Amino acid sequence: MKFTPERYSIADERMKPFIDPIEIWDYIYNTRPSKKSVREIIAKSLAKQRLNLEEVACLVNADSPDLIEEIKEGAKMLKRSIYGNRIVLFAPLYIGNKCTNDCLYCGFRISNKEAIRRTLTDEELVKEIESLEDNGQKRLILVYGEHPEYSPEYIAHTVKIAYSVKKGNGEIRRVNINAAPLDVEGFRIVKAAGIGTYQIFQETYNPEAYKTYHQQGRKADYSYRLTALDRAQEAGIDDVGIGALFGLYDWRFEVLALVRHANHLEACYNVGPHTISFPRVKDASGQNLKTGHFVSDEDFTKLVAILRLAVPYTGMILTAREPASLRDEIIQFGISQIDGGTNIEIGSYAEKSLVEKNLNRGQFQINDDRPLNEIIDELLDQDMIPSFCTACYRLGRTGEHFMEFSVPGFIKRYCTPNAILTLAEYLIDYAPQHTADKGWRVINSAIEKMEDEQMKASIHEKIRLLKSGKRDLYY
Ligand code: SAM
Ligand code: SF4
């Protein structure tokens, strides 16, 4: 489908930009945290109430080591008491790196002459999916540059292929996408293909900073990108992911803006974002960045904890852009999803040698290249339950994180049992013996801790069915 300006039409008031930089800076400049106020705000979040911008500003301004520690401790408590010890795993799959934009930070930018451009053919895509399935993956996010070749119809086509490939017991049960903003009709087309989450990052919410990084192509239009999720909602996609690329502008501003964006979606459509992402800028071939806004590990950890407290019922994604040691640490502050076994060199799941060849087709450098099983093994060592659950999406239970957070017993009834069953499938089909031994120990101890005897018996029965060859069992 061809892009034309009239397909861009702003349908109603809700699609007008809703970020006011002066308002955000006012909160940051005029809110002074005290021990008392920070403690009250953490308590409010732990009492399951969402925070307003003034309260978030108070947390971002808290800079004494003891207050930062209390914020991190609060986020940890929230994560432990509400979400428990599950962590959902997924893999990104880059479909093509052609791009007509020139984002200064990105290896796919049009002016990067070092990049070798490539779009997977259908056959190559099938091979990639088969390799991912051979590793045990069940949830993917497909990623595309912004290019006329990657039309809504093409995106829908790739999503359908991803769902159709089955190898052995392998299948992909949820396909999310990260793609350029579409118009309402385009969103309808990708929705009809059965996407899970549509994810898009605003990169920076500050319009002036945005202009300096995005001078060319359709992405130069800040408002069109900012209102993408409103058009998605208009097209019936209520499962959306937001994010900011940290390192382009002041992190405090971005944190407040992300919360503002979440509040906007909730106020207008009664459903907040499914997930928030907070990628930090990494080195990329052809990158041209002089920002002065790089975020230190300390500030990064703090901002993740603040976001956890600010939007307690939103899923939080931490990707392999970050090194393993930092990921292991930050997970405890409220992360609900991580990618595992990640390769972003195009075509490199099937053709492993591409990673070593470093052909510059990747968008940026990743810093956690552990294979999926190694990550699972290490999560099990920390007594966490790696999960490939896709039940809510497939049963039409939308707003799953909100339900996890607010419906008493939801996690006990659905999330933990489904995490256990999907882990059990992985252990049976893909895990080496040492991981399987650990995994069954973690599963047995999780079942042991359950109070509902009927549920315990039901899970044992489903595990028996899995061992006898049945697949895809869930609540
Ligand atoms: N082309 C689409 C777009 O721009 O929306 C798809 C997104 S891009 C392939 C995925 C995301 O990667 C971008 O939104 C950006 O936040 C992030 N990204 C780009 N360059 C990066 C870098 N050098 N380091 C870390 N993340 C980066
Ligand atoms: Fe293209 Fe997206 Fe990279 Fe920008 S971030 S150059 S739009 S792939």
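Within the stretch 300-323, track down each residue that is surrounded by fewer than 19 Cβ atoms within 10 Å (Cβ to Cβ) and more than 17 Å from the chain's Cα centre (by Cα).
Those that are surrounded by fewer than 19 Cβ atoms within 10 Å (Cβ to Cβ) and more than 17 Å from the chain's Cα centre (by Cα): none in the stretch 300-323.
Which one of these is part of a helix (DSSP H, G or I) and either crowded, with 17+ Cβ neighbours inside 10 Å or of a type in the set (Ser, Thr, Tyr) (or both): CYS103, CYS58? Explain how you work it out, then say what you get.
On the way: CYS103 fails: part of a helix (DSSP H, G or I).
None of the other options fit; the residue is CYS58.
If I ask for residues that are within 17 Å of the chain's Cα centre (by Cα) and free of Cβ contacts under 8 Å to residues at least 60 places away in the same chain, which ones from the stretch 266-299 would you list?
PRO273, ILE276, PHE278, ARG280
Would you point out the residue of the stretch 44-55, among those that are in a helix (DSSP H, G or I) and in contact (Cβ under 8 Å) with a residue 24 or more places away in the chain, that is nearest to ARG260 (Cα to Cα)?
Filtering the stretch 44-55 down to residues in a helix (DSSP H, G or I) leaves 44-46, 53-55.
Next cut, in contact (Cβ under 8 Å) with a residue 24 or more places away in the chain only: 45-46, 53-55.
Values: SER45: 16, LEU46: 20, LEU53: 7, GLU54: 11, GLU55: 12 Å.
For the stretch 44-55, the residue satisfying everything is LEU53.
Any chance you could count how many residues in the stretch 126-149 are in a loop (DSSP other than H, G, I, E, B) and either closer than 29 Å to CYS389 by Cβ or more than 14 Å from ligand 1 (Cβ to nearest atom) (or both)? Full working, then the answer.
Of all residues in the stretch 126-149, those in a loop (DSSP other than H, G, I, E, B) come to 136-138, 145-149.
Right, trim to either closer than 29 Å to CYS389 by Cβ or more than 14 Å from ligand 1 (Cβ to nearest atom) (or both) and you get 136-138.
Final tally of qualifying residues: 3.
Picking from ILE376, ILE447, ILE428, ILE411, which residue would you name as being touching a Ser or Thr at 6+ places or on another chain (Cβ under 7 Å) and among the hydrophobic types (A, V, I, L, M, F, W, C)? Step through it out loud before you land on a result.
On the way: ILE447 fails: touching a Ser or Thr at 6+ places or on another chain (Cβ under 7 Å); ILE428 fails: touching a Ser or Thr at 6+ places or on another chain (Cβ under 7 Å); ILE411 fails: touching a Ser or Thr at 6+ places or on another chain (Cβ under 7 Å).
When all the criteria are applied, what remains is ILE376.
Could you name every one of the helices (runs of 4 or more DSSP H) located completely within the stretch 194-265 that has at least 2 residues being within 16 Å of ligand 2 (Cβ to nearest atom) and in the same structural domain as TYR154 (by TED's automatic domain parsing)? Spell out how you get there, then give the answer.
Values: elements: 207-213, 222-226, 228-234.
Result: 207-213, 222-226.
Could you list, in sequence order, the residues of the stretch 79-100 that are part of a loop (DSSP other than H, G, I, E, B) and away from ligand 1 (no atom under 16 Å from the Cβ)?
Initially, the stretch 79-100 is screened for residues part of a loop (DSSP other than H, G, I, E, B), giving 84-85, 97-100.
Those that are part of a loop (DSSP other than H, G, I, E, B) and away from ligand 1 (no atom under 16 Å from the Cβ): GLY84, ASN85.
Taking the criterion of being under 16 Å from PRO92 (Cα atoms), outside any loop (DSSP other than H, G, I, E, B) and at pLDDT 90 or above, would at least one residue in the stretch 338-358 satisfy it?
yes
Can you name the condition, by its number, that TYR249 falls short on among (1) within 19 Å of the chain's Cα centre (by Cα); (2) modelled with pLDDT of 95 or more?
TYR249 satisfies all of (1) within 19 Å of the chain's Cα centre (by Cα); (2) modelled with pLDDT of 95 or more except (1).
What are the pairs with Cβ atoms under 8 angstrom where one residue, in the stretch 311-327, is on the phi < 0 side of the Ramachandran plot and not assigned by TED's automatic domain parsing to the domain that holds PHE405 and the other, located anywhere, is basic (Lys, Arg) and not in a loop (DSSP other than H, G, I, E, B)? Sequence gap at least six, or different chains.
Taking only residues 6 or more apart or on different chains, the pairs are MET316/ARG308; LEU318/ARG327; ALA320/ARG327; ARG321/ARG280; GLU322/ARG280.
Out of all the residues in the stretch 412-426, is one or more surrounded by fewer than 19 Cβ atoms within 10 Å (Cβ to Cβ), more than 19 Å from PHE90 (Cα to Cα) and at pLDDT below 95? Lay out the reasoning, then the answer.
Here is the first cut: in the stretch 412-426, the ones surrounded by fewer than 19 Cβ atoms within 10 Å (Cβ to Cβ) are 412-413.
Within this subset, residues satisfying the condition of being more than 19 Å from PHE90 (Cα to Cα) are 412-413.
Checking the rest, the ones that are also at pLDDT below 95 come to 412-413.
Within the stretch 412-426, one or more residues are surrounded by fewer than 19 Cβ atoms within 10 Å (Cβ to Cβ), more than 19 Å from PHE90 (Cα to Cα) and at pLDDT below 95.
Is one or more of the residues making up the stretch 112-123 part of a loop (DSSP other than H, G, I, E, B), surrounded by fewer than 18 Cβ atoms within 10 Å (Cβ to Cβ) and of a type in the set (A, V, I, L, M, F, W, C)?
yes
Among the residues of the stretch 176-226, which ones are within 24 Å of LEU248 (Cα to Cα), among the aliphatic types (A, V, I, L, M) and surrounded by fewer than 21 Cβ atoms within 10 Å (Cβ to Cβ)?
The answer is ALA209, ALA220.
ALA431 versus (1) in contact (Cβ under 8 Å) with a residue 40 or more places away in the chain; (2) under 21 Å from ILE172 (Cβ atoms); (3) assigned to a helix (DSSP H, G or I): which is the lone unmet condition?
The failed condition is (3).
Taking the condition within 14 Å of ligand 1 (Cβ to nearest atom) and either free of Cβ contacts under 8 Å to residues at least 60 places away in the same chain or buried (at least 20 other Cβ atoms within 10 Å of the Cβ) (or both), does THR158 pass? Please lay out each step first, then the result.
Details: within 14 Å of ligand 1 (Cβ to nearest atom): yes; either free of Cβ contacts under 8 Å to residues at least 60 places away in the same chain or buried (at least 20 other Cβ atoms within 10 Å of the Cβ) (or both): yes.
Yes.
The values are calculated or read from the model by the stated rules, or taken from the named source; none is laboratory data. Keep in mind that this is a model prediction, so the values were computed, not measured. All Cβ positions, even for glycine, are placed from backbone atoms using ideal geometry, and neighbour counts span all protein chains on display.
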